[in-house]
Amino acid sequence: MSDTLVLNRNYYAIHIMDWQRAMSLLYQGHADALDENLQPYGFEDWKELSASMESHPGGFINTVTYRIAVPEVIRLKRYDRLPKGEVKFTRRNIYEHYRHKCCYCGGKFKTNELNLDHVIPRSKGGDTDWSNIVTACIPCNARKSDKSPREAGMKLLVKPTRPVWKGSISLLKFSLPMKTTWQKLIDAKYWDSELMK
């Protein structure tokens with residue numbers, strides 16, 4: 001089972017949630033499931049459509065009486081607002097923001113080979129926020145230890161920054177792996193969005 005992309009009533013991507021919550025919203029009638037053509041289906045219609053599916057990228061839930069596909073995308077029926085214009089401060093988003101690179105040596109690493117580093121250590125009053133957290137490979141993180149970059153004789157290659165929110169494209173950019181259905185929405189918003197003057 002995988003995460004589900006949530007659209008507001010106007011088809012703007014606003015959130016990514018776990019499949020359990022998405023199915024709950026669909027079942028309660030607060031959302032419609034969308035197929036690959038972004039056609040909306042209420043719970044009963046989605047259940048009927050699911051019965052004719054041999055496979056589905058989001059997987060299936062099997063109950064005693066029926067099998068239902070987990071929708072990759074749902075659309076809320078009443079909510080039409082947009083999310084606040086900022087990227088959430090999560091480990092995944094930090095890794096994506098720095099492109100899985102060590103901010104000290106510049107090497108690109110797998111997720112399990114990176115740590116989060118407080119530029120100014122917490123023991124010296126450093127905050128845990130976008131202005132003080134960067135990614136560091138394990139050797140650089142160990143070398144820096146509980147020191148500032150200057151004290152450790154290391155150079156920080158990039159200044160810690162908060163990512164710039166770019167609407168639903170930002171929401172999807174910081175969510176991996178990218179699903180085909182989600183990519184379709186990004187492409188449509190990219191080509192159909194009004195350009196800034």
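Mind checking the full-extension length gain between SER145 and HIS100? Use 0.36 nm per residue of separation minus the Cα-Cα distance, one decimal, nm.
Working: separation 45, 0.36 × 45 = 16.20 nm, distance 1.98 nm.
Net length gain for the segment: 14.2 nm.
Estimated at 0.36 nm per residue, the fully extended path between ARG91 and ASN10 surpasses their Cα-Cα distance by 26.2 nm. In a reduced charge model with +1 at each Lys and Arg Cβ and -1 at each Asp and Glu Cβ, the range 91-152 shows a dipole moment near 180 debye about its Cα centre.
Per-residue 3J(HN,Hα) values for the range 8-15, derived from phi via the Karplus relation 6.51 cos²θ - 1.76 cosθ + 1.60 with θ = phi - 60°, read 7, 4, 9, 6, 9, 5, 10, 6 Hz in sequence order (x marks Gly and Pro). The H on the amide N of CYS105, modeled in the peptide plane, is under 5 Å from the matching H of CYS137, each at least 5 residues off or on a different chain.
Could you please rank ILE94, ILE138, ILE74, placing first whichever residue has the fewest other Cβ atoms within 10 Å of its Cβ? Can you show the working numbers first?
Numbers: ILE94 20, ILE138 13, ILE74 26.
Ascending Cβ contact count within 10 Å gives the list ILE138, ILE94, ILE74.
Applying a DSSP loop filter and a limit of 15 other Cβ atoms within 10 Å to the trypsin sites (Lys or Arg not before Pro) in the range 10-89 leaves LYS77, ARG78, ARG81, LYS84, LYS88. One quarter of the convex hull surface built on the alpha carbon atoms of the range 1-129 amounts to 11.5 nm², the projected area averaged over directions. For the range 151-157, 3J(HN,Hα) computed residue by residue from phi via the Karplus equation (6.51, -1.76, 1.60; θ = phi - 60°) reads 4, 8, x, 10, 10, 7, 6 Hz, glycine and proline entered as x.
How about the range 1-101: which GluC sites (Glu not before Pro) there lie in a loop by DSSP and see at most 12 other Cβ atoms within 10 Å?
On the way: sites: GLU36, GLU44, GLU48, GLU54, GLU72, GLU86, GLU96; in loops: GLU36, GLU54, GLU72, GLU86.
Answer in residue order: GLU36, GLU54, GLU86.
Within the straight-line cut-off of under 16 Å between alpha carbons, the aspartates and glutamates reachable from LYS144 are GLU113, ASP117, sequence neighbours fewer than 8 places apart in one chain being disregarded.
Would you mind getting me the FRET efficiency between GLU48 and SER24? Use the beta-carbon distance for r and R0 = 25 Å, nearest 0.05.
Calculated value: 0.85.
Short-range pairs are left out: with C-alpha atoms under 8 Å and at least six residues apart, the relative contact order of the range 91-152 is 34 percent. Here the range 91-152 is treated as a Stokes sphere of Kirkwood radius computed over C-alpha pairs; at 37 °C and 0.692 mPa s its diffusion coefficient rounds to 286 µm²/s.
Values in this text are rule-based calculations from the coordinates and carry no lab data. Because the structure is a prediction, the values reported are computed rather than measured. When we count neighbours, we look across all protein chains shown, and the Cβ atoms used for this are built from the backbone with ideal geometry, even at glycine.
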